[in-house]
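Take a look at the structure below.
The values are calculated or read from the model by the stated rules, or taken from the named source; none is laboratory data. Just so it is clear, the model here is predicted, and its values are computed rather than measured. As a convention, Cβ positions derive from the backbone with ideal geometry for all residues, glycine included, and neighbour counts pool all protein chains shown. Please note that ligands, DNA and RNA were not included when accessible areas were found on the heavy atoms of the full protein model with its side chains. Shrake-Rupley method; radii C 1.70, N 1.55, O 1.52, S 1.80 Å.
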Amino acid sequence: MNIKIIGEGYPIVMFHGWAMNLRIFEPFVELFNIKKYQFILINLPEMHDGMIWEKVIEQIDCLLKKKSIKEFDLFGWSLGGQIAIEIYLKNKKKVNQLYLVASTPQFVNSEQWKLGLDKNIFDNFSNGILSDSKKTLNKFFNLQLIGQENRKDLLHFLDSNISKEKINISSLHNYLKHMEMKNYHDSFKQISCQVNLISGKKDKIVPIESQYELLKMVKNKRHLFIGEASHIPFLSHAEECKSFMMKNYE
C-alpha cells in the first residue's frame, strides 16, 4: 500500500475501485486548485489469502492516522466507496463529508438487495480473474465505459496507467469475495455527515436505480446523476463532477 499527496490545502482522501490504482484519479485532481485542496490518493493494500476484511481497513486507517490530519473529506469510487464508509465510521469527528461515486451498499443481488449484479454473472467474473485475468480485466475495463463518446481515449488511459502495473491476481480475487458477501445497509444508517452521491445513468456495474434507493437511505445528501456517464464519471465527465464538488466549498 502506498500513498500520493497532491496539493497543500483542504484534505480530500481518495480510494479507488477494484483492479485499479491511485493513478486513476490523477487527471481529475489536476483540474483543481492545489493551493486550496490537498488530495491524498491511497493505493488499496493487497489482500492476502486468509486476510480478513477488518485488517484491510485497519491498515488504511493506521496510514491516515499517522498523517495526523485534523479534518478531511472522503472520496470513494465503487469498491472505494465502501472503504470510505468504513474509514468514516472510525473517524466520525474528523470527516466533514463523504463523496460516494458509483458505489453501492451491496454489489451482488440477494434477498435484501435486488439492485446489484446477478450472482451468476458475478461468479463467472470471479472465476475468470483466476482462469484468464488479462481477458477478464479487459472485459471489465470495457464494461465500465459502455456508452462513452470518449471511450477509446479512456481505454487508452486505463491501458497505459492501470493495465501495465503489476497486479496481484490472488489479491483481486480475495477482494471479489468481500464484494460478494459484504453489505453496508446498516452502515448507511450510521452516517451523520453530508453524503454526496455521484453516478452515471449508463452504469452497468452499479445501476442508477441503486442510487435512487440510496437517496432514500441517506438523510443529509446532495447528488449528481449524469445522464451520459457510466461507471467512471470523474474521468468521462470530469468538469461536471468538479463543479458539483466545488459547490460544497463555496
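Which of the residues that make up region 159-171 are without any contact (Cβ under 8 Å) to a residue 40 or more places away in the chain and surrounded by 12 or more Cβ atoms within 10 Å (Cβ to Cβ)?
Asp159, Ser163
One residue is enough: does region 60-70 have a residue meeting the conditions of a type in the set (Asp, Glu) and modelled with pLDDT under 95?
No, the conditions are met nowhere in region 60-70.
How many of the residues in region 1-16 are open to solvent by 50 Å² or more (accessible area, probe 1.4 Å), in a loop (DSSP other than H, G, I, E, B) and over 23 Å from Glu250 (Cα atoms)?
Final tally of qualifying residues: 2.
Mind counting the residues in region 208-250 that are over 14 Å from Leu100 (Cα atoms) and assigned to a loop (DSSP other than H, G, I, E, B)?
Residues flagged as over 14 Å from Leu100 (Cα atoms) and assigned to a loop (DSSP other than H, G, I, E, B) within region 208-250 amount to 7.
What do you reckon, is Ser103 buried (at least 22 other Cβ atoms within 10 Å of the Cβ), assigned to a loop (DSSP other than H, G, I, E, B) and touching a residue at least 12 places away in the same chain (Cβ under 8 Å)?
yes
State which residue is most open to solvent (accessible area, probe 1.4 Å) when the search covers only region 17-64 and only residues that are among the aromatic types (Phe, Trp, Tyr) and part of a helix (DSSP H, G or I).
Trp53
What are the residues in region 65-91 that are open to solvent by 10 Å² or more (accessible area, probe 1.4 Å) and more than 18 Å from Lys182 (Cβ to Cβ), if any?
Within region 65-91, Lys65, Lys66, Lys67, Ser68, Ile69, Lys70, Glu71, Asn91 qualify.
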